[in-house]
Amino acid sequence: MIVLYVPWMGRGYVNLEYPFSMAARALSDSRYAAQIDTYFSIQANPLGYSFVLAIIYKIFGYHDWFWLAKLPSLCGGLMIIVSGWILTRDRWQGRRSLFYFWSSLIILNPLFIAFATASTADVLHVGLLMLAIAIASENRNNSWVNPLFASLIFGLSVITKYIPIYFGAAFIAIAVLGIGNEKRPAKLIRRDVAIYALVPGAILILYIWWLYAKYSVFISYGLGPGKPNFFDASKFLITVSKYLVFLGICCGPLTILIIAKNFKDQKKNILGLLLISTAIIFGGFVSRIQIDEMDFGGGFPFGIYMFRGIQTVGFVVGLSVLSVLLKSVRSRDRLERILFFGILPTLIMISFTLPTQRYIMIVIPGTLVLLVDASNALRSKLRNVTLGLTVLGFAAVSLLGMSYLRGQGNASENMAVWLESNQVIGQTSASPIAVHAGQHFYGVTSNETRYEVIQTSLEGEKSIKERILHREPMNVLGKITRVYVLREVPKAP
């Protein structure tokens, strides 16, 4: 994992990464306390990621090294892999290839590789949550130490990003469910439930109190637009459908094969074809709808019909994933039921909030454990080929996506540095790169706007009539896909 991720750690910031680093600098050095205002004005997340990063800055001193600000995310990715090993080392003993496939599906997933090499809170909270579940599940001797340690880590995941709260029912399931046929004593159940509820609750309450006392911020400035809306049924149905699309894409075609295994006779085959046809029709309808951040981003290279086709297939697979998930609640397997009580409530609750594909990452590791486990029903050769092709597909998409992000981040950073070094940053309108390299524009006094940064193609650059001061090409896999151009502001006609 480290070998694959390190080459991407040094790219410039993209898509509002920089506020996390600015907040960490403010927390680690009181001289820069005002920089935390930028964080609250842009981010709706709690400060957990910046707390961890502030500790790193305290140890190493602040350096404007991109890879340093991304270390907590990399650690979050490592936590996910370690947690998966803890959860599956016994159940997949003798079938270690299943763990390798599971790990590959996580490590090469385009979402995980993008955000585990970014200075944002989108992977660290997943790593902390999965580690807490793994530690809590390991409590074979009924000691209070594991629940306490797990609940502390769970609390940290909550103040890194609020949505792990939705996974809380999984910890109640850990407290209630026995191992095998052994039932847990009521006394131990009450003790563990109290630990899993009170410790993370206390951490969250103390954080909210500290945040309000120090910064006069209650939970988040973004609480209004991002809070759950339980009364808009149509938006919920669209949002949950979109989440199923991206869940299906992140799980690959393995689920379809698992479901198809259940349709053995002619009547079931007819029923299966009918359900798939209905899902394709509805998936095609869902693919036509654009909602908030539920898309493939600016680097998607194909046309609209390919885009819609992938979403349609993703929806069909997502429904199949949901059916596998629903079957797990009736299972006698403890881990399957624990994951069910975490994944399903989370999937429902995030569908009431701001739609963004990043949120689906919290349920992917657990969902893939269930799917890889269920794939034992398939012939080993078919399973291995399907998983192998999925991993290769993820690798190809990740290579394209990460090259796009690196090209975008580096071009934006280089342009901002040029503006600073040539002392024209205060005279420049830089909206295309400010979202990426915004740390350079913090505290800059704007004078008369004489220049502007625009983004254009190579062909578009040739048609610019104004004087060009500087250009930064965005290189993706050896091809220039975009150019950031600094030009004089066009004169009014």
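The values are calculated or read from the model by the stated rules, or taken from the named source; none is laboratory data. Just so it is clear, the structure is predicted and the values come from calculations on it, not from any experiment. Don't worry about glycine lacking a Cβ; one is built from the backbone with ideal geometry, like all the others, and counts go over all protein chains shown.
For this structure, a couple of remarks:
- Whenever a residue of segment 421-434 is over 11 Å from Glu452 (Cα atoms) and free of Cβ contacts under 8 Å to residues at least 12 places away in the same chain, it has no partner that is aliphatic (A, V, I, L, M) and assigned to a helix (DSSP H, G or I) lying with C-beta atoms less than 8 angstrom away and at least six residues away or across chains.
- The residues listed here are Val483, Val417; of these, the one that is within 20 Å of Asn15 (Cα to Cα), assigned to a helix (DSSP H, G or I) and β-branched (Val, Ile, Thr) is Val417.
Quick grid of which residues meet (1) out of contact with any strand residue (DSSP E or B) (no Cβ under 6 Å at 6 or more places or on another chain); (2) in contact (Cβ under 8 Å) with a residue 60 or more places away in the chain:
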{"site": "Val444", "(1), (2)": "yes, no"}
{"site": "Val453", "(1), (2)": "no, no"}
{"site": "Ser457", "(1), (2)": "yes, no"}
{"site": "Glu461", "(1), (2)": "no, no"}
{"site": "Tyr484", "(1), (2)": "no, yes"}
{"site": "Lys491", "(1), (2)": "yes, no"}
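- For Tyr57, the criteria (1) under 21 Å from Gln357 (Cβ atoms); (2) touching a His at 6+ places or on another chain (Cβ under 9 Å) hold in every case but one, which is (1).
- Candidates Val363, Val417, Val329, filtered to the one that is more than 21 Å from the chain's Cα centre (by Cα) and under 29 Å from Ser157 (Cα atoms): Val329
- For Asn376, the conditions (1) more than 20 Å from Gly284 (Cβ to Cβ); (2) at pLDDT below 90; (3) in contact with an Asp or Glu (Cβ under 9 Å, 6 or more places away or on another chain) all hold with the exception of (3).
- Candidates in segment 61-100 are the residues that are surrounded by fewer than 20 Cβ atoms within 10 Å (Cβ to Cβ) and of a type in the set (Phe, Trp, Tyr); of these, the one that is nearest to the chain's Cα centre (by Cα) is Trp67.
- Scanning segment 17-39 for residues that are of a type in the set (A, V, I, L, M), surrounded by fewer than 20 Cβ atoms within 10 Å (Cβ to Cβ) and in contact with a helix residue (DSSP H, G or I) (Cβ under 6 Å, 6 or more places away or on another chain) yields a count of 1.
- None of Arg330, Arg334, Arg308 is surrounded by fewer than 22 Cβ atoms within 10 Å (Cβ to Cβ), among the basic types (Lys, Arg) and closer than 19 Å to Ile238 by Cβ except Arg308.
- If you go through segment 180-218 and pick out every residue that is surrounded by 12 or more Cβ atoms within 10 Å (Cβ to Cβ) and modelled with pLDDT under 90, you end up with 3.
- Top-ranked residue in segment 1-10 [being assigned to a helix (DSSP H, G or I) and more than 17 Å from the chain's Cα centre (by Cα); ranked as surrounded by the fewest Cβ atoms within 10 Å (Cβ to Cβ)]: Val3
- Test result for Gln455, under 28 Å from the mean Cα position of the chain (by Cα), modelled with pLDDT of 90 or more and assigned to a strand (DSSP E or B): yes
- The set of residues from segment 420-431 being under 26 Å from Phe40 (Cβ atoms) and either at pLDDT 90 or above or in contact with a helix residue (DSSP H, G or I) (Cβ under 8 Å, 6 or more places away or on another chain) (or both) comprises Glu420, Ile425, Thr428, Ala430.
- Residues being touching a residue at least 12 places away in the same chain (Cβ under 8 Å) and either surrounded by fewer than 21 Cβ atoms within 10 Å (Cβ to Cβ) or small (Gly, Ala, Ser) (or both) - total across segment 143-161: 8
- The helices (runs of 4 or more DSSP H) located wholly in segment 112-193 that include 2 or more residues which are among the aromatic types (Phe, Trp, Tyr) occupy 145-158.
- Within segment 476-493, if we keep just the residues that are under 36 Å from the mean Cα position of the chain (by Cα) and farther than 26 Å from Gln423 by Cα, the residue that is surrounded by the most Cβ atoms within 10 Å (Cβ to Cβ) turns out to be Val476.
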